[in-house]
Amino acid sequence: MQRLISWILYYKGFIIAGLLAVLIISVYIAGEMAIRLESDEIQTGPLRFLSLAWQEEAVAVVQEITQDWNQAHPEQQVELIQGTWNAVHDYLITGFETGDIPDIFHYESAVIVDFALRGYLADLAPYISDEMRDDILDVNWASVTRPTGAVMGIPFLAESSIILYNLDLINEAGVIAPTNEDPWTWDDLHIAAKKLTKDRDGDGVIDQWGTAMGLRNSANILMNQSIAFGGSFFYYDEQGDIEVRVSKPEKELIGNLARMLFVDKTMSPSGVGKSGAEMIPGFLAGNYAMVVGIGSWARQQVVENAAEGFNWAVMPPLKAVTQNMGVNTQTLSIPRSCKRTAIAMEFIQFLLSSENTTRLAASDWMLPTRQSSLEDPRLQADSTGWKVVTANAQFLSTGPWVGLPGYIEWKSRVANPIFQEFFSQRISLDEAAERIESESNSVLARYQVRGLKW
Amino acid sequence: MQISKLLASRSLKRRIGNLLMHGLILTFLLYLLFPLIWMISTSFKTTAEIYSGIPSLIPKVFTGEHYLTVFQEERLLKSIANSLYVGIITAIIVVMISLPAAYALSRYKTAVNKVVMGWILTSQIFPAILIMIPLFLVLRSLHLTDTLSGLVLVYVVWDIPFVLWMLQGYVKEIPIELEEAAAIDGASQTQIIYKIIMPLLLPAIGAAVLFAFISAWNEFFFALVLLKSPDLSTLPVELARYTGIEGQSRTGPLAAASFIATIPSIVLFAILRKWFSSGALQGAVKG
């Protein structure tokens, strides 16, 4: 005992410091807990809405609409949470697993499939008004509707792939740009690309490329474009089992790109390691006459960043067998754990009214999913490419990968890396095709074993 | 004559060696500094110049528009305040706990020391994503999710093992003879700690404060998942909102906000720099 006392006396400085630290931390945390408990009691419970709008203009529109709702519905406020595309998946997954998830969240149709399959999402079908059901195009509904009729999210913006072109360079080369009525074929593109690829300063190095394309994560664009060639990468057999095949139509599409990159050398090789957005500076600098397979949102980057006098326009989709292309939609969903689905859905209907959908599409420079918005004069301006973009709605088509369990994993772990290897010329097209087929089917088989069904 | 030639050739070799070494150091320094310089340069370029596709280190036209945009966004300022709060409190608590613990671990050999050190190393193995969900559930049961205090608590727990490991290494370097000499002169244990050990540990404390602050200041994932209210958002989470889908970003404001984000770390390092001066122990013990 005496030893203990002397030990304590000897180390009293330490002990006091340690106790002080523990005391400070405890008081700090206890105070915070008390505040939280109190605030939980007085919480009136606003609905939490996670938005992924990120452009200044789009953020402002979402804020305005939310404020309008809050003014009109003092009894049921909505709290806007600004999310980020880069981390939304982790944010939502942890939210679903812990039960602490926003009541309404913004994401995209290709991804919410996995959430739906895990039983995380509420079926919104019973809450959708007739007006909304009729106005949103069927192809967009198809991206979020299960075969049972359950609707996993409300599609409000659709991604549409476009071709941007430099009007001055096209005119200078004497190339006649295509129109909605008279679109180009891939052969037309090859011919024009040859005319537009130039060594302007005569130093033996090409400084103006006919085309450019961001190929870093090319799976998405190749999937969507393959539909025009009559392909789709995913094929159902008679038993209803899915199989990945890189057959003639898919090879034709990839071969066209390979021809421009490696044979004709009319496509800038710098796009191999870049995203679509990263091609814009080169386009604005006049290094690329055309940027192929970029999202319609890219127009906003051009409008905001182009030097004065920069003349540009948008081409309609290239014609292969058809001009069709796959669609991916941005959606608003409600978690199944939400206790106030009806009122949350009321907010979604308010947010996605025809007028508001037009505003959201205009601010995000994307295709609205509503027919009435597509016809709105604000989305028909010729100078900013809206006329061509809205006309693209007729070519949207649902790929067989919609609702496919494991599609996201397939895209990121199989397709993107293999395409990357191919476009870097590390493997041939046949090798790429063979590897995609063998590796894909093993990934998808895992999901089939789990028994997940859209 | 031969000796003078030899000396001259040795001196020449030394000079060339020095020159090469300085050249290497300078290259390495430039390599480290280049991203920062590029970020600062970008933050002062006009949007048109950023998107011109012509790389240039010095902006053609200097503009403060991106800083103006950033400072007009109230939430970014709020997030800076939140990050400062979280970083400072974390650094203080981490050092308060780690310092005595590091001293005890390095000076008092007990059977549990090895176990404790082993556990500290083991705890570093787990990635954040692995513990996120259980951690969230524990914090929620304590009503500490969506609070800065909860985040501080996580950062403290996350940072302590490394800081403790680092500090106990420093403590080990301090010769025990210094403490014994002080004890012979009649100093109590407390006096030994605060008057002998602490001044010698200042560089280590500086490094620990810097590490704890910067790791809290830069941390993204815990802040993203644990904080739901927009008002509580920290700076890294706010910065992520300048980037969008498919590689798009608001590059100008992002560069300006990122530069602002580096300032506290630079300032803190400048303040603590003198603590890092080495050689405090040189000659402390004779022989």
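Yes/no per residue for (1) closer than 30 Å to A:G282 by Cβ; (2) more than 17 Å from the chain's Cα centre (by Cα); (3) touching a residue at least 24 places away in the same chain (Cβ under 8 Å):
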{"residue": "A:G119", "(1), (2), (3)": "no, yes, yes"}
{"residue": "A:P126", "(1), (2), (3)": "no, yes, no"}
{"residue": "A:P147", "(1), (2), (3)": "no, yes, yes"}
{"residue": "A:L164", "(1), (2), (3)": "yes, yes, yes"}
{"residue": "A:D168", "(1), (2), (3)": "yes, yes, yes"}
{"residue": "A:A173", "(1), (2), (3)": "yes, yes, yes"}
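Within the bounds of the range A:127-143, is there any residue that is surrounded by fewer than 23 Cβ atoms within 10 Å (Cβ to Cβ) and in a strand (DSSP E or B)? Show your work before the answer.
At the first step, the residues of the range A:127-143 found to be surrounded by fewer than 23 Cβ atoms within 10 Å (Cβ to Cβ) are A:127-135, A:137-139, A:141-142.
When the remaining residues are screened for being in a strand (DSSP E or B), the result is none.
Within the range A:127-143, none of the residues are surrounded by fewer than 23 Cβ atoms within 10 Å (Cβ to Cβ) and in a strand (DSSP E or B).
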Residues that are closer than 22 Å to A:S51 by Cα and at the interface with chain A (Cβ under 10 Å from one of its Cβ atoms): find the helices (runs of 4 or more DSSP H) completely inside the range B:215-276 holding 3 or more of those.
B:221-226, B:235-240
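Among B:V70, B:V116, which is crowded, with 18+ Cβ neighbours inside 10 Å, in contact with a helix residue (DSSP H, G or I) (Cβ under 9 Å, 6 or more places away or on another chain) and modelled with pLDDT under 90? Give the steps one after another, and end with the answer.
On the way: B:V116 fails: crowded, with 18+ Cβ neighbours inside 10 Å.
Being crowded, with 18+ Cβ neighbours inside 10 Å, in contact with a helix residue (DSSP H, G or I) (Cβ under 9 Å, 6 or more places away or on another chain) and modelled with pLDDT under 90 holds for just one of B:V70, B:V116, which is B:V70.
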Scanning the range B:99-120 residue by residue, those among the charged types (D, E, K, R) and either within 14 Å of another protein chain (Cβ to nearest Cβ) or outside any helix (DSSP H, G or I) (or both) turn out to be B:R107, B:K109
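If you check B:T122, B:T147, B:T69, B:T90, which single one turns out to be hydroxyl-bearing (S, T, Y) and not assigned by TED's automatic domain parsing to the domain that holds B:L202?
On the way: B:T122 fails: not assigned by TED's automatic domain parsing to the domain that holds B:L202; B:T147 fails: not assigned by TED's automatic domain parsing to the domain that holds B:L202; B:T90 fails: not assigned by TED's automatic domain parsing to the domain that holds B:L202.
Among B:T122, B:T147, B:T69, B:T90, only B:T69 is hydroxyl-bearing (S, T, Y) and not assigned by TED's automatic domain parsing to the domain that holds B:L202.
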Checking A:I280 against (1) under 23 Å from the mean Cα position of the chain (by Cα); (2) surrounded by fewer than 24 Cβ atoms within 10 Å (Cβ to Cβ), only one condition comes out false. Which one?
(2)
Checking A:R426 against (1) within 17 Å of A:E243 (Cβ to Cβ); (2) free of Cβ contacts under 8 Å to residues at least 60 places away in the same chain; (3) not in a helix (DSSP H, G or I), which single condition isn't satisfied?
(1)
Condition first: within 20 Å of B:G244 (Cα to Cα) and facing chain B (nearest Cβ under 7 Å). Now tell me which residues in the range A:285-296 satisfy that.
A:G295
Within the range B:208-217, is there a residue that is within 20 Å of B:L99 (Cα to Cα), of a type in the set (A, V, I, L, M, F, W, C) and without any contact (Cβ under 8 Å) to a residue 12 or more places away in the chain?
no
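For every residue, the table says whether it meets (1) at pLDDT below 95; (2) touching a helix residue (DSSP H, G or I) at 6+ places or on another chain (Cβ under 7 Å); (3) over 30 Å from A:D168 (Cα atoms); (4) away from every other protein chain (no Cβ under 14 Å).
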site	(1), (2), (3), (4)
A:K194	no, no, no, yes
A:T197	no, no, no, yes
A:R200	yes, no, no, yes
A:D203	yes, no, no, yes
A:D207	yes, no, no, no
A:I221	yes, no, no, no
A:N224	yes, no, no, no
A:S232	yes, yes, yes, yes
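Just to check your reading of the model, which residue among A:S333, A:S363, A:S373 is of a type in the set (G, A, S), within 23 Å of the chain's Cα centre (by Cα) and within 14 Å of another protein chain (Cβ to nearest Cβ)?
On the way: A:S333 fails: within 14 Å of another protein chain (Cβ to nearest Cβ); A:S373 fails: within 14 Å of another protein chain (Cβ to nearest Cβ).
Among A:S333, A:S363, A:S373, only A:S363 is of a type in the set (G, A, S), within 23 Å of the chain's Cα centre (by Cα) and within 14 Å of another protein chain (Cβ to nearest Cβ).
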Every pair of residues 6+ apart whose Cβ atoms lie under 6 Å, when the first sits in the range B:121-150 and is closer than 16 Å to B:E219 by Cα and at the interface with chain A (Cβ under 10 Å from one of its Cβ atoms) while the second is surrounded by fewer than 17 Cβ atoms within 10 Å (Cβ to Cβ) and of a type outside the set (F, W, Y):
B:D146/B:S229
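Looking at B:G206, B:G186, B:G169, which is the one that is at pLDDT below 90, more than 13 Å from every other protein chain (Cβ to nearest Cβ) and touching a Phe, Trp or Tyr at 6+ places or on another chain (Cβ under 8 Å)?
Numbers: B:G186 fails: touching a Phe, Trp or Tyr at 6+ places or on another chain (Cβ under 8 Å); B:G169 fails: touching a Phe, Trp or Tyr at 6+ places or on another chain (Cβ under 8 Å).
After ruling out the rest, the residue left standing is B:G206.
The values are calculated or read from the model by the stated rules, or taken from the named source; none is laboratory data. Because the structure is predicted, anything quoted here is derived from the model rather than measured. Cβ: placed from backbone, ideal geometry, glycine included. Neighbour counts: every protein chain shown.
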